[in-house]
Amino acid sequence: AEDQAYIRQELDRRGLIAFVGNGSILPRESGISQKPLPGAIPFTSPPSMEISLSLPSGKIIQGMGIPRGITLIVGGGYHGKSTLLQALEKGVYDHIAGDGREFVLTDDTAWKLRAEDGRKIKAVDISLFINHIPSGRDTRRFSTLDASGSTSQAANIIEAIEAKSNVLLIDEDTSATNFMVRDELMQRVIQKDKEPITPFLERARDLYEKAGISTILVVGSCGSCFYIADQILQMDN
């Protein structure tokens, strides 16, 4: 526990938002188990992001330090992208010995976001992402009993900001596509004044540079994300 507390202090001091120790076992035994997967390949940091820490217990550990900014996690299917993000999501908590993720630690304000079709929204200002909707409703104080995927994800981000989160964790697989990105052809077909949604990719840089909110984003199919990234991690086996 003392080692984990020390690493959290070092994250802030070094300008990092997360640390993943070399040798960590990230996969779980199953979708309904929190035990580490037997025989899983231990995590190894890319050399370019590896840091070393001398812990209060006397241990010296190496691992990957993720700096503030916009980080993409990419890779082929089943190579561990979402598994890494899930470990980072749980990294806001300390882990007991034997968990395999004892040295996977994340800024404790980190917030995992997703689209939640059908959720209730009460008086949330989602105008940063959704504006001038055809019905003329005011999105600066938006309420609904049955939000769409894009509207729910916009509300989730605003609520994270209001809760003083410094890190947003997002997986492409559980996001609303029209909320995340709009490609060049679609922008030519649907003019900007006819599209109420401002995609997250157009706001992510401002969220970091103006509000200090970092993003860790898992992507598997959207190449547009590369243009906003400060660092890109490719998961391999």
Can you pull out every residue in the range 85-106 that is open to solvent by 40 Å² or more (accessible area, probe 1.4 Å), out of contact with any Lys or Arg (no Cβ under 7 Å at 6 or more places or on another chain) and within 25 Å of residue 220 (Cβ to Cβ)?
86
Between a first residue in the range 173-200 that is without any contact (Cβ under 8 Å) to a residue 12 or more places away in the chain and over 30 Å from residue 80 (Cβ atoms) and a second residue that is of a type in the set (Asp, Glu) and loosely packed, with under 12 Cβ neighbours inside 10 Å, which pairs have beta carbons less than 6 Å apart while being 6 or more apart in sequence or on different chains?
none
Take residue 82 and decide whether it is more than 24 Å from residue 173 (Cβ to Cβ) and either open to solvent by 20 Å² or more (accessible area, probe 1.4 Å) or of a type in the set (Asp, Glu) (or both).
no
Which number in (1) under 22 Å from the mean Cα position of the chain (by Cα); (2) at pLDDT 95 or above; (3) surrounded by 18 or more Cβ atoms within 10 Å (Cβ to Cβ) marks the one condition that residue 14 misses?
(3)
If we scan the range 128-144, do we find a residue that is surrounded by 12 or more Cβ atoms within 10 Å (Cβ to Cβ), among the aliphatic types (A, V, I, L, M) and free of Cβ contacts under 8 Å to residues at least 60 places away in the same chain?
no
Is it the case that residue 109 is surrounded by 13 or more Cβ atoms within 10 Å (Cβ to Cβ), without any contact (Cβ under 8 Å) to a residue 24 or more places away in the chain, closer than 24 Å to residue 231 by Cβ and not hydrophobic (A, V, I, L, M, F, W, C)?
no
Restricting to strands (runs of 3 or more DSSP E) lying wholly in the range 118-237: which have 1 or more residues that are of a type in the set (Phe, Trp, Tyr)?
142-144
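The values are calculated or read from the model by the stated rules, or taken from the named source; none is laboratory data. As the structure is a prediction and not an experimental result, all values here were calculated from the model. Note: ideal-geometry Cβ built from the backbone for every residue, glycine included; neighbour counts use all protein chains shown. Side chains are part of the model used for accessible areas, which takes the heavy atoms of the whole protein and leaves out ligands, DNA and RNA. Shrake-Rupley method; radii C 1.70, N 1.55, O 1.52, S 1.80 Å.
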